[in-house]
Amino acid sequence: MNLKNYNLIDFSAYLSSILFSIDYDFEKAESQLLDVHEKEPGNLLYILLLCQLYQKKIEYCSLPNGDTMRDETELANYAQKGLDTLDKKPRTVWIDSDFQQQGAFLTYKSNLEEALKAYQQAISINPKATDPRIGLGVVYQKQKKWNEARAAFEQARRLDPNDFTLRCNLVEILIEQDQFKEAEEHLAFVRRLTSERHLDALILSGKLYARLGDKARDNDDTVEADGRFDKAIYFLDKAAQAGNYGDFSRKITPAESCTVHYLSGYCQIRQLQAREKKGSLIERFNFATESQRNVDKALFKFGRIPEYAHNSFEANQAVRQLKKYRKESSPLKEVGAQVPKGTVVVILAVLVLISAQIFFLFRETSLVRAITQPDVICYIQPSKIQPLLKLDSVADLKLTRFARLTFNHPDSLIARWQRDMGETIRIERSWIENADAKHTPLLTEGFYVFITFASLLFIIAGLALPELTKLKVGSIELEKAKLETITTITSLNMLNGISDNRSSGAASDSRTSGTGPSVI
Amino acid sequence: MGNLTIIDNLPTQPVADTLQEVDQFLKTQPDPDAVAQLVKDLYSFGTKIMNDDPVAAEKLFRKVTELDPNYANGYINWGFSLHKQGRNDEAVDQYKISLTKSPEPSLALDVLKWLGGKDVKRFQDVLDALQAQPDLVTPLDKEKLLGDMEFQLKHFSKAAEAYERAQQLAAADPFILKALGDVYCALLQEPKASQYYTQAITLATESVYTTEQAISALPQVASGQVQPDRNSLETTVTEARKTLARLHYEIGDTLLSLDADLDQIWAHWKEAVQIAPGAESTLSIADTLYNNGQANRDRLTKAVDTYTTYNQASPTPDSDAYVLLNLGLCHYYLYNYPAATETLTKAAQSAGDYQHYANYWLGVLYSGQRKFEEAEPYYQRAFRQKPDEYFIIEGLILCLTALGKKDEALTICQKTKARYSTDQERTAEISYLIGNIHLDFKELDKALLYYKEALQQDPRHVFARHNLAHILEKKGEYQKARNNWNKAKSNYLDLLIKSTPV
């Protein structure tokens, strides 16, 4: 590479852009950039890179106290420097790139109204430029003017259909506008072409499916909700892996990481709640263990959100609710006690019902009667048996033994008499005490009806028992995590990067630069 | 004499053929006079071509020094050829050898000044050479050089001693007093420095005044009548004014290097410009202001005024393309586009070394206003004038791309590439530009192909690597992109180390 063709200070600037946007080595990049800025304080590219550096530094700040004050001040300072440098150029000769840079610096300074005007000017000068349209879209997005933002991003996308990050910007707006189908089409496109490695697309897919899951759940479409939450969890968990950078489009920011963890935990619980409503008793029984795993996962996700995170309050609240739920009615308890309790009730009720039916049908049989009718004590009246006792011989005390016997029915007594005494002594019914006593049956018709209905009631109650004692997770109201607007800095390419100054002073150098002595 | 054959065809035939013929000639065992003549001829040939073809010239001077190992000039021009190729370390070696071959004092002075100059900074080597060979240059030049080198090495007391010895040898030389002022300025003894500067200026002013007095003392003559004394005195006064202006310029330059206030510097420079508006010092002031003032409106405005003054003071205004070019660029950096266009157009009209620059900058000027249609002819002209200058090819390609003339841009690249078929570094540059064209037209795969090609031809082409990584990222191949970013990072570091002066 012939170094004479290039401005070597640019090398340092480009190197620092790699250092902060690829390596996340902010300190090294900062020192390099400050160095080049000192050498060429009027170079807008270097000022813009410094702004990008501080913006990224703020986004990736992982200090426990979240102290970004210094970087925010630096960002504002350099944005102002950029504006001051631009102001040195008379407005009459400004071109699209000047307005675009003005828009960028104003956006860094959060002067959105002015930034908007600057981007609009840039577009009016060069309608084919993509960057000012993206800038415009971002400003509208910050102002929550979704329709305008969408239009700006759509136009930019038409100009550069290969830009994945731009598509993701558009998706953010589409989700805000509940245009889920279109959003998913764009996301599927990005996911497919990047082998599910574009971090913004993964986070937004998670957000999109979480929203879709909620929607399905609101419509009581539990099966759909279950599937959507499942997808959301899949994408969010994948996005969380970008904490290690790996082969993802970029590293996840601490704020995004917290959002992703929260949203993932949120989806775990919502999925659990969606699943809880569906299925038969047995299915729910089998599902209890899995439900516990969901709760554990959610607790794990919420637990990963540090104290200082923007959503730590919501996360702590969710953890408290989940722990309380686990303590009071953990799914294991549900499985071990409550679900069988319902079954036992049903079984018992069924048994009672069946028994009642049998007893009622066979109420006239002796066996049933013996059970269902209260016992009547029958015996031979003493006045009738005394005279006969003398018939007993010394060796055979049949009548004496008989006199001591009691029977619960006169027929039983007569039968036994006839078996023991034979035809020798005939018994008369009048001899029997309580022979004509009236039986009060236990299983009356009213009682039968009552038992039948009561059993049926218990069966229904037994079947309904798990629903009544269903997981209390349903009552946990989780705050929906707000997903921060994804702001990423795309890396520079040389076409945009090379400044106009690359050959500045070439003519002057050609005469004034030192040449060796020559003999001519 | 056999060498006549060689000399007759020298300017037209390739150097390789010439050297082959020299070898054949030497096999004939020519007499010493013939060899001496051959050395002179070869030296002359090399000197003619060394600015345009330093590589070929180097071969000739190598042969010259082989034939006459004591020929100092041969080593000096060999060194110059190497310097022209950017091989300064090797050039220094040849220059140092030349000093051991008893060069002419004026040549030796040139060599020593180059060695101790801003580019090479071999201050200690100069001191060593002067210590080893005290008679290499005149005693006055020797003391001044010793002072300069010791000053550069920050041995201020030794520098002061050397300058004082020089002052004893040339008491009327205001520049020695100025040098002493510089020493005390560096020692932060401003009153003493100021005293020396004032002395120097007074001395130079007196010289001007005395000569002016002498002119006014001459009797008046009728117009058209020649008066030799007057003419001679007028020449002297002009030279004295130039010296005084130069003195003011150099004092201002020293103050600039010490980061003094621009008003303080300008006080000296303004004087210099007023005293001798058409002198080289005025141009030097304008150049310094321009080279140090691209981000400073005040300096650029002063540069404009100074260049304008210099141009107007010229016997033939608007004829120096260099001045017009730099004046045009000052207007450009001051965003005074109409004036820049007018001045650069004038610069582009005069054929010479700066014509292609003027056309190129006119192209840049129009491109910068998004007037690509107007810019294209200027780029095309610059390209026709210097088809091998990378920045011109790049400018033209960017302009054509902006105009949507992809095929035209590609054709230019392919033709240029064909010309460099044996030069991998240059071919890589063109492949990189082709990649840029495709990237601009959002043809990522084609762009990728050409960046890869550029890297095959020159693996250290960091911009090709940078854009390759960028495209891979755009295509969602993040791991590959990251690998290339890392390589680009190493390349940048290597190139920055390579470009950092020792």
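The values are calculated or read from the model by the stated rules, or taken from the named source; none is laboratory data. The shown structure was predicted, so the numbers you read here are calculated from the model rather than taken from an experiment. No Cβ is skipped: glycine too gets one built from the backbone with ideal geometry, and neighbour counts run over all protein chains shown. To get the accessible areas, we keep the full protein, side chains included, count just its heavy atoms, and leave off ligands, DNA and RNA. Shrake-Rupley method; radii C 1.70, N 1.55, O 1.52, S 1.80 Å.
Out of the residues in region B:97-106 that are surrounded by fewer than 18 Cβ atoms within 10 Å (Cβ to Cβ) and assigned to a helix (DSSP H, G or I), which is nearest to the other protein chains (Cβ to nearest Cβ)? It comes out as B:Ser106.
Screening B:Gly404 with (1) closer than 29 Å to B:His356 by Cβ; (2) more than 11 Å from every other protein chain (Cβ to nearest Cβ) gives one miss only, at (2).
Okay, residues lined up against (1) surrounded by 20 or more Cβ atoms within 10 Å (Cβ to Cβ); (2) polar (S, T, N, Q); (3) free of Cβ contacts under 8 Å to residues at least 40 places away in the same chain:
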| residue | (1), (2), (3) |
| --- | --- |
| B:Leu300 | yes, no, yes |
| B:Val304 | yes, no, yes |
| B:Tyr310 | yes, no, yes |
| B:Thr316 | no, yes, yes |
| B:Ala321 | yes, no, yes |
| B:Leu324 | yes, no, yes |
| B:Leu329 | yes, no, yes |
| B:Tyr335 | no, no, yes |
| B:Pro338 | no, no, yes |
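If the condition is being assigned to a loop (DSSP other than H, G, I, E, B) and either at positive phi or touching a Pro at 6+ places or on another chain (Cβ under 7 Å) (or both), then region B:311-339 contributes B:Asp318, B:Tyr335. Total residues in region A:70-103 satisfying the condition of being open to solvent by less than 20 Å² (accessible area, probe 1.4 Å) and either more than 23 Å from A:Val138 (Cα to Cα) or in contact (Cβ under 8 Å) with a residue 40 or more places away in the chain (or both): the figure is 1. For A:Phe180, the criteria (1) within 14 Å of another protein chain (Cβ to nearest Cβ); (2) under 25 Å from the mean Cα position of the chain (by Cα) hold in every case but one, which is (1).
Here is a yes/no grid of residues against (1) away from every other protein chain (no Cβ under 14 Å); (2) of a type outside the set (Val, Ile, Thr); (3) part of a helix (DSSP H, G or I):
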position	(1), (2), (3)
B:Gly86	no, yes, no
B:Tyr95	no, yes, yes
B:Lys142	yes, yes, yes
B:Asp148	yes, yes, yes
B:Gln168	yes, yes, yes
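Listed by first and then second residue, the pairs linking a residue in region A:119-136 that is away from chain B (no Cβ under 12 Å) and within 14 Å of A:Ala104 (Cβ to Cβ) to a residue that is open to solvent by less than 80 Å² (accessible area, probe 1.4 Å) and among the aromatic types (Phe, Trp, Tyr), with Cβ atoms under 6 Å apart and 6 or more places separating them unless they lie on different chains, are A:Gln121/A:Phe99; A:Pro132/A:Tyr119; A:Gly135/A:Tyr119; A:Leu136/A:Tyr119. Taking first residues from region A:174-192 that are touching a residue at least 40 places away in the same chain (Cβ under 8 Å) and partners that are not basic (Lys, Arg), no Cβ contact under 7 Å between residues at least 6 apart in sequence or on separate chains turns up.
A residue that is among the aromatic types (Phe, Trp, Tyr), under 29 Å from B:Thr316 (Cβ atoms), more than 10 Å from chain A (Cβ to nearest Cβ) and in a helix (DSSP H, G or I) cannot be found anywhere in region B:340-359. Screening the candidates B:Lys346, B:Lys371, B:Lys302 for the property of being in contact with an Asp or Glu (Cβ under 6 Å, 6 or more places away or on another chain) and of a type in the set (D, E, K, R) yields one hit, B:Lys346. Residue count for region B:190-236 under the criterion of being assigned to a loop (DSSP other than H, G, I, E, B) and open to solvent by 80 Å² or more (accessible area, probe 1.4 Å): the result is 6. The one condition from (1) under 24 Å from B:Leu256 (Cβ atoms); (2) at pLDDT below 90 that B:Lys84 does not meet is (1).
Inspect region B:80-92 for any residue being among the β-branched types (Val, Ile, Thr), closer than 25 Å to A:Asn2 by Cβ and open to solvent by less than 70 Å² (accessible area, probe 1.4 Å) and give the result as yes or no. So far as region B:80-92 goes, yes, one or more of its residues are among the β-branched types (Val, Ile, Thr), closer than 25 Å to A:Asn2 by Cβ and open to solvent by less than 70 Å² (accessible area, probe 1.4 Å).
Within region A:311-322, residues that are closer than 15 Å to A:Val295 by Cβ reach partners that are part of a helix (DSSP H, G or I) and open to solvent by less than 10 Å² (accessible area, probe 1.4 Å) with beta carbons closer than 6 Å, at six or more positions or on different chains, in the pairs A:Ala315/A:Tyr262; A:Ala315/A:Phe302; A:Ala318/A:Phe302; A:Val319/A:Phe302; A:Leu322/A:Val295.
When you look at A:Leu34, is it more than 20 Å from A:Lys142 (Cβ to Cβ) and more than 13 Å from chain B (Cβ to nearest Cβ), yes or no? Spelling it out, A:Leu34 is indeed more than 20 Å from A:Lys142 (Cβ to Cβ) and more than 13 Å from chain B (Cβ to nearest Cβ). Within region A:13-31, the set of residues being buried (at least 20 other Cβ atoms within 10 Å of the Cβ) and either under 24 Å from B:Ala454 (Cβ atoms) or within 10 Å of chain B (Cβ to nearest Cβ) (or both) comprises A:Ala13, A:Tyr14, A:Leu15, A:Ser16, A:Ser17, A:Ile18, A:Leu19, A:Ser21, A:Ile22. For region B:110-129, does any single residue satisfy the condition of being part of a loop (DSSP other than H, G, I, E, B) and farther than 26 Å from A:Lys4 by Cα? Within region B:110-129, not a single residue is part of a loop (DSSP other than H, G, I, E, B) and farther than 26 Å from A:Lys4 by Cα.
One line per residue, one yes/no per condition, for (1) under 20 Å from A:Phe302 (Cβ atoms); (2) within 14 Å of chain B (Cβ to nearest Cβ):
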site	(1), (2)
A:Asp200	no, yes
A:Ser205	no, no
A:Thr222	no, no
A:Asp226	no, no
A:Ile233	yes, no
A:Asp237	yes, no
A:Gly243	yes, no
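Just one of (1) modelled with pLDDT of 90 or more; (2) more than 7 Å from every other protein chain (Cβ to nearest Cβ); (3) assigned to a helix (DSSP H, G or I) fails for B:Lys489. It is (2). Against the conditions (1) open to solvent by less than 30 Å² (accessible area, probe 1.4 Å); (2) not in a helix (DSSP H, G or I), where does A:Asp67 fall short? Just the number, please. Going through the list (1) open to solvent by less than 30 Å² (accessible area, probe 1.4 Å); (2) not in a helix (DSSP H, G or I), A:Asp67 breaks only (1).
Here A:Gln121 does not fit the description of being on the phi < 0 side of the Ramachandran plot and buried (at least 23 other Cβ atoms within 10 Å of the Cβ).
When region B:412-447 is filtered for residues that are of a type in the set (Val, Ile, Thr) and farther than 15 Å from B:Glu376 by Cα, the ones remaining, listed by number, are B:Thr416, B:Thr422, B:Thr427, B:Ile430, B:Ile434, B:Ile437.
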